[in-house]
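Quick note: the coordinates plus some simple rules give every number you see, no bench work behind them. The model shown is predicted, which means the values in this text are computed figures rather than measured ones. Don't worry about glycine lacking a Cβ; one is built from the backbone with ideal geometry, like all the others, and counts go over all protein chains shown.
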Amino acid sequence: MQFVLGAYSSGLTKAIAPVTEKYKVPHVEGNGAARELFTQGYRYLFAVLSTSDYYLRDAVNLAAEVAKKNGRDPKSLKIAMAFENDPFSLDVREGIVEDAKRHGMQIVVDDKLPPEINDMAATLTKVRAIKPDLLLVSGHEKGATLVVRQTAEMKIEVPIVATTHCDSAKIAESLGKMAEQVLCASQWDRKLSYKDKWFGSADDYAKLFEKEFKYPAPYQAAESTASVLVFADAFERAKSFDPGKVRDAIAATDLMTFYGPIKFDPTGKNVAKPMVLYQVQGGDYKVVAPTRWSEVSLIWPRKMPQ
């Protein structure tokens, strides 16, 4: 075993990483987003995707951007948030807390969702009373569905509502107008203007994938492919298959791909690629952030559909 290409979950990555570290095997993975993978001091583990603490940071940053544009100090913004009590969602929370602190925003609701995640009424009752500027939720597909449905049922309006997993929960398809103007985090989208020498644009990659496999390209496939490109680029620069030389070449990666920019920090995280924020507009998912890569402008403030 000289090299490991990972297209698997955080759990499997956690099991494999100590072995690759022990035997000094370069390991590039595309699907394990757990933040803790990159706090263990591993030198041979690298990931092309954004870690879980970055999933909703851009909602905070986008809110700050909108506030400044409208002549308001971001420090005056209030955040309500609710998270499932699992490692992924708690990582998402940590990222929000870090960026809220950086902007000086106030967190006014910080709830944990119950294990079954079948009711958010307690959290939303607080939201109604406090009237925050952002409502941020991470509870996987159930959490995304709940926040959309129950804000509509309880007629609770918040200028920015953002959640993880709303594309996999298919909120636009299954909840119709209730989902309008909700923000959703994603790792990648085919409409982004990223390009590389291997596939061309993000959309070129998506078209080729669909032609080959007969279904739309998910972001999991895109990030797995990007992991292969990191190795290809490292082999070319190292001019060797020696694991130590390849590891050092991977660590020095500074690469633009159809998936986005890739540059690793000393922990092995890709610090160059931002997350993408969709907003449901007209029943479709449109990229609104980061604004330099956006497909359409953010609709703000969110208004409850009639």
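When every alpha-carbon pair in region 54-186 is counted, what percent end up more than 17 Å apart? So the pairs more than 17 Å apart make up 53 percent of the total in region 54-186. For the chain, the direction-averaged projected area of the alpha-carbon convex hull comes to 15.9 nm². Considering only Ala289, Ala59, Ala234, the mean-square fluctuation computed in a Gaussian network model of the chain, springs between alpha carbons under 10 angstrom, is largest for Ala234.
Each part reduced to its alpha carbon centroid, region 266-300 and region 32-63 end up 16 Å apart. Our helix-only sum for the chain, with -39,500 (n - 2.57) per DSSP H run of n ≥ 4 divided by its residues, gives a mean residue ellipticity at 222 nm of -11500 deg cm²/dmol. Top mean-square fluctuation among Gly143, Gly95, Gly11, Gaussian network model of the chain, C-alpha springs under 10 Å? In the Gaussian network model the winner is Gly11. Placing R0 at 51 angstrom, the Cβ-Cβ distance between Asp73 and Ser240 gives a FRET efficiency of 0.45 after rounding to 0.05. Computed from the alpha carbon atoms alone, the convex hull of region 180-306 holds 120 Å³ per residue.
Just in region 96-166: which trypsin sites (Lys or Arg not before Pro) are loop by DSSP and have at most 10 other Cβ atoms within 10 Å?
Within region 96-166, the qualifying trypsin sites (Lys or Arg not before Pro) (loop, at most 10 other Cβ atoms within 10 Å) are Lys155.
Evaluate E = 1/(1 + (r/R0)^6) for His103 and Thr125, where r is the Cβ-Cβ distance and R0 equals 35 Å; express this FRET efficiency to the nearest 0.05. Once rounded, the FRET efficiency stands at 0.85. Protection proxy ranking for 14-20, 65-71, using the average of other Cβ atoms within 10 Å per residue and placing the highest first: 14-20, 65-71. As an equivalent ellipsoid, region 164-242 spans semi-axes of 32, 14, 11 angstrom, where each value is the square root of five times an eigenvalue of the C-alpha gyration tensor, largest first. Between Val228 and Ser297, the distance separating the two model label sites (each 7 Å from Cα on the Cα→Cβ line) works out to 4.1 nm.
Packing here is the average count of other Cβ atoms within 10 Å per residue, and on that basis the peptides 74-83, 237-246, highest first, run 74-83, 237-246.
Would you look at the GNM of the chain, springs on alpha carbons closer than 10 Å, and say which of Gly200, Gly32, Gly283 moves the most? Ranking Gly200, Gly32, Gly283 by mean-square fluctuation puts Gly200 first. For the peptides 39-45, 260-266, 184-190, residues were scored by their other Cβ atoms within 10 Å and the scores averaged per peptide; the highest-first order is 184-190, 260-266, 39-45. DSSP finds beta bridges in the chain, and of those with both partners inside it, around 40 percent are antiparallel.
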